[in-house]
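For reference, the structure is listed below as structure tokens.
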Amino acid sequence: MSTCSSSARPLKIGIIGFGNFGQFLSKTMIKQGHSLRATSRSDHSEVCKELGIPFYRDMGAFLESENEVVLICTSILSLSEVVKPMPFDSVKRPTLFVDVLSVKEYPRDLLLQVLPENMDLLCTHPMFGPESGKHGWQDLSFMYDRVRIRDEGLCSSFIHIFSSEGCRMLEMTCEEHDKLAARSQFLTHTIGRILSEMDVEPTPLDTKGFQKLVEVKESTVKDSFDLFSGLFIHNRFARQQVQSLEEALEKTKQKLQERMESST
Ligand code: NAP
């Protein structure tokens, strides 16, 4: 495993997918002095104007705009339809492609298939978002896997964006990430969605524990349903979690039933 030095320099970063999370990341990158531009399915030119960065409607023109780093922030579900038709001939220099999708084996495999061989690939997952990161990124986790890196300096400079904000840097494989994230992030989102289906709301006699449950519900439903379903569809370890959850509910019901029968 090679280490990344803490080399910092301003980078030309092009963001594909300028929704909730793309915009959130861009604010810190602009603050750090990087030069940004964006493209997206929808027209985000007004937001870009406010941020003082160019917005490209056309993917070809965006790719021609001399990015050193192309940062993919599209939804998990749309990744394939976004990257498969990309006109890679328009990329005029070896470029570092980075994705931030909340699942990791899927974008790694797809990007290795579609990217030209001379493009580097860094797969990442910032384990925070606009809510948890609204007061800064200090002590929030940043996972990364240096899948295909030849330009070490460029990769280090990109990673430095997160380490310099105080993130907990976690280098691990995409497979390790997906295993762990299914048991933690996906489980949290699933419980949050279940609580939302149950219309769980604060009551006048909330315990601390219940307040935490309401918080879980509220923070998960702020993320799009596309994001939640992407966590399930494109993480092969997530299915097992749903099954374990069902089995655990059954076992718990059974234990209660047995106790009720023995106490009557
Ligand atoms: P999201 O619903 O997962 O993704 C929204 C983005 O996907 C928007 O940029 C949207 O483009 C684009 N998109 C959706 N459908 C599309 C389609 N059919 N064709 C082209 N583009 C499409 O919400 P998000 O929170 O912004 O997340 C973006 C990515 O970051 C996801 O991969 C997510 O897993 C990852 N991530 C999110 C968080 C978080 O806290 N939110 C944290 C870490 C990683 P338009 O806006 O142009 O319509």
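Exposed loop sites here mean trypsin sites (Lys or Arg not before Pro) with a DSSP loop assignment and at most 13 other beta-carbon atoms within 10 Å; the chain contains its longest site-free run at 151-264. With all pairs of different C-alpha atoms in the average, the Kirkwood value for the hydrodynamic radius of region 84-224 is 17.3 Å. Taking every C-alpha pair closer than 8 Å and separated by at least 6 residues, the mean separation divided by the residue count of the chain gives a relative contact order of 17 percent. Summarised as an ellipsoid, the chain has semi-axes of 38, 20, 18 Å, derived from the eigenvalues of the Cα gyration tensor scaled by 5 and square-rooted, with the largest first.
Between LYS222 and THR207, the simple label model (points 7 Å from Cα in the Cβ direction) yields a spacing of 2.6 nm. Take the solvent-accessible surface of the protein heavy atoms, probe 1.4 Å, and return the percent of it on region 128-213 that carbon and sulfur atoms account for. Carbon plus sulfur share of accessible area: 55 percent. For the residue pairs LYS27/LYS134; LYS104/LYS179; LYS49/LYS84; LYS134/LYS222; LYS27/LYS217, the C-alpha atoms sit more than 19 angstrom apart in LYS49/LYS84; LYS27/LYS217.
In this simple spin-label model, placing a label point 7 Å from the Cα along the Cα-to-Cβ direction at both LYS92 and GLU131 gives a separation of 4.3 nm. Rounded to the nearest 10 square angstrom, THR203 shows an accessible area of 60 square angstrom against a 1.4 Å probe.
From the Cα gyration tensor of region 1-154, with a ≥ b ≥ c the square roots of its eigenvalues, which class applies: rounded if a/c is under 1.5, or else prolate if a/b is larger than b/c, or else oblate?
Rounded is the answer for region 1-154, as its axis ratio a/c remains below 1.5.
The values are calculated or read from the model by the stated rules, or taken from the named source; none is laboratory data. What you are looking at is a predicted structure, and each value in this text was computed from that prediction instead of being measured. As a convention, Cβ positions derive from the backbone with ideal geometry for all residues, glycine included, and neighbour counts pool all protein chains shown. Side chains are part of the model used for accessible areas, which takes the heavy atoms of the whole protein and leaves out ligands, DNA and RNA. Shrake-Rupley method; radii C 1.70, N 1.55, O 1.52, S 1.80 Å.
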